[in-house]
Amino acid sequence: MMSTSRLPLFFYAILLVPLVSHSLVLQRDPYVLHDCSTSGNVSSNSTFRANLNTLISNFSSNTQINYGFYSFSAGEGTNKVYATGFCRADLTTTDCSTCVNNSARELLKLCPNEKEGIMWYMNCTVRYSNNSILGVIEFTPTQALVAGLVSNLTESNEVLKTLFYDLRVGASAGGDFGKVAVGNANYKSQNSMIYGLMQCSPDLSEIDCSNCLVRAQSYFQDCCSKYAGVRILAPSCNLRIETEQFYGSTLVESLPSLSPPPAPAKSISPPPLVQNTNTYSSYLIFTGKGSNSSKTIITIVVVIIFVVIITCICICICISLRVRKQRKKAKSKLKFVDEISSTESLHFHFPTIRVATDNFSDANKIGQGGFGVVYKGRLSNGQEIAVKRLSPGSGQGDLEFKNEILLVAKLQHRNLVKLRGFCLEGCERLLIYEFVPNGSLDQVIFDPTKRAYLDWQTRYKIIEGIARGLLYLHEDSRLRIIHRDLKTSNILLDDEMNPKIADFGLARLVILDQTHINTNRIVGTYGYMAPEYAYHGHFSVKSDVFSFGVLVLEMICGQKNSYFRNEENGEDLLTYAWTNWRNMTASNIIDPILGVGSTIEIIRCIHIGLLCVQENAADRLTMASVVLMLNSNSITLSVPSRPAFFIHSNVEPDSQSDQSILLASTNDASITALHPR
């Protein structure tokens, strides 16, 4: 029997079919999608526009990289224009040239005054900019087109996980047709096939191509995993799956086979695609027999009366359901408060915190992150506190809020930040912590001036403290907790420079004998994320160990992993450290500020850090082993293998907020950037 919650939808579907969702409608335009940047405008008679017109008119006559890729520039100085274009690899030269020319001319019409624009045709991508874009990874703007629904979402996720991994590896490695890979997989329960393609702009490096496709896959998981036909379109890469083979036999014959060959495909067109737009395409047609006009009028009147009656019924049902939902939500909220309050006497009244922070004045503002603002406060008894005020539109919901309260309230360790309390009144959600006077570690270790105050003894003390705090979370506390977002900005320093691990909004509680957990919701920060978590959603205590290893290497070299790139060979920090350690030139990675003292101890810490960032999680150290190695030089260390493939964030550093978050929603991880007090 149909539930009451679905009755309104049922009746409207009968009477008003076909209604079309505001976010998904049939695509009828000759192109797929375009985007005109709002970063800057130019006039139609400007030199920049003239250079752009010249560039577009001669677009397809310039080929620089390889088959199907076009790139060149026109003009000088601030009026210089750069443009690139690339086609799906199985297009002929003629078809590719036609697609690029058509899309480029159409883009000029759609973006008449903008300095940047991009056009996605069905089989090619064209973009122009006033900034150099050759070899530069760009993932925004990103668009998704979808069609049809999968019948078994669980099986689809499992099948696509393997297929996407193979496609990403194949596309990143490149080949005769550039950075593209195709393949297929079998849905056993349906005895059907799914066909996939991943492609990057050929000018990208192997690492940048892989990073772009990782983000495309993450975007797919967030928005479109329930659809059978999907296209994820980004400036530097794209992803596509269909239930019918949509790519030519040239690619199948020329590229390495990623899966068993499918049965001969039927010669039919791919399913229709739909896009996110505000245009509506819906029609309502009534047909019937009979020529008597009075009969027709009576029929129309009866139908109208019937529609009005059913509409009234539906409205009443909707109102009733809404009232029930609000009552249930209010009851759940009261239960939530009672659950927290019963754990510890931590509840603060909002007026108390408002007075303590001088009504949340800007003078008391000490930091801002993805979930809100942090204020310094002083209670009536003179105790100093730090108040995280979550913004109403932040990504952190009641689940993360409850997480942070229930977890941190039960944790007692000198290297974990202490939660003083919380406030949940109306739309206000506040977390009250102990005040830590020296701010976050990232504001010291990555500052060219401030890190000079961190000699090796202080850095070693910080590394040891973080290790002890993680060991407590993993093994010594009453609960086994995986932090999932360990990084320098989540390490606070007290007045004696003792480290305190903070920000448990993403932490997960696990069973003591549970080895790992799978999740489709990947959250965390680029540069600190273990590869098995970023690629497959597998996380364990070894995920935190990987983050700790990255943090150790950052402490030694004084540079952030996300922005480190060796100019000679493009190595990231992890690979650079491993290469120098293997070549017995580990001193190259040591921060020059540290001088020559304690070199043996520093190199041993580099060795420990490399053992923590092994690609295979099973090869990484446990935190118990790390603490033991840090406290005893007599323990022999094993030889580390090459570290995991690094995932770049490609986000510029920002003193106010670290936004390099891996998730389709950019505010899905708790970030708190604290300014020095």
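Values for this structure:
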item: Cα-centre dipole for the stretch 27-129 with unit charges at Cβ (Lys and Arg positive, Asp and Glu negative), debye to 20; result: 140 debye
item: Rh by Kirkwood over Cα pairs, then Stokes-Einstein D for the stretch 79-184 at 1.306 mPa s and 10 °C, µm²/s; result: 98 µm²/s
item: Cα centroid of the stretch 182-252 to Cα centroid of the stretch 419-468, whole Å; result: 41 Å
item: Ranked list, fewest to most other Cβ atoms within 10 Å of each Cβ, for C316, C427, C237, C605; result: C427, C316, C605, C237
item: Length released on extending from S205 to R478, taking residue separation times 0.36 nm less the Cα-Cα span; result: 93.7 nm
item: Extension gain, V627 back to T311 (0.36 nm per residue minus Cα-Cα distance, nm); result: 107.0 nm
item: Percent RCO, i.e. relative contact order, over the stretch 27-129, from Cα pairs under 8 Å lying at least 6 residues apart; result: 35 percent
item: Charge dipole (debye, nearest 20) of the stretch 462-507; +1 at Cβ of Lys and Arg, -1 at Cβ of Asp and Glu; result: 280 debye
item: Added length on full extension, which subtracts the Cα-Cα distance from 0.36 nm per residue, N157 to R414; result: 88.3 nm
item: Estimated inter-spin distance, S189 and H347, nm [label 7 Å along Cα→Cβ]; result: 4.4 nm
item: Sequence of W456, W120 once ranked by neighbouring C-beta atoms within 10 Å, starting from the fewest; result: W456, W120
item: Local electrostatic count, W456, Cβ distance below 10 Å [Lys/Arg +1, Asp/Glu -1]; result: -1
item: Neighbour-count ranking [beta-carbon atoms within 10 angstrom, fewest first] of Y433, Y472; result: Y472, Y433
item: E244 paired with R327, simple spin-label distance in nm, labels 7 Å along Cα-to-beta-carbon; result: 5.2 nm
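Values in this text are rule-based calculations from the coordinates and carry no lab data. Since the model is a prediction, treat every value here as computed from it, not as a measurement. Virtual Cβ from ideal backbone geometry, glycine too; neighbours counted across all protein chains shown.
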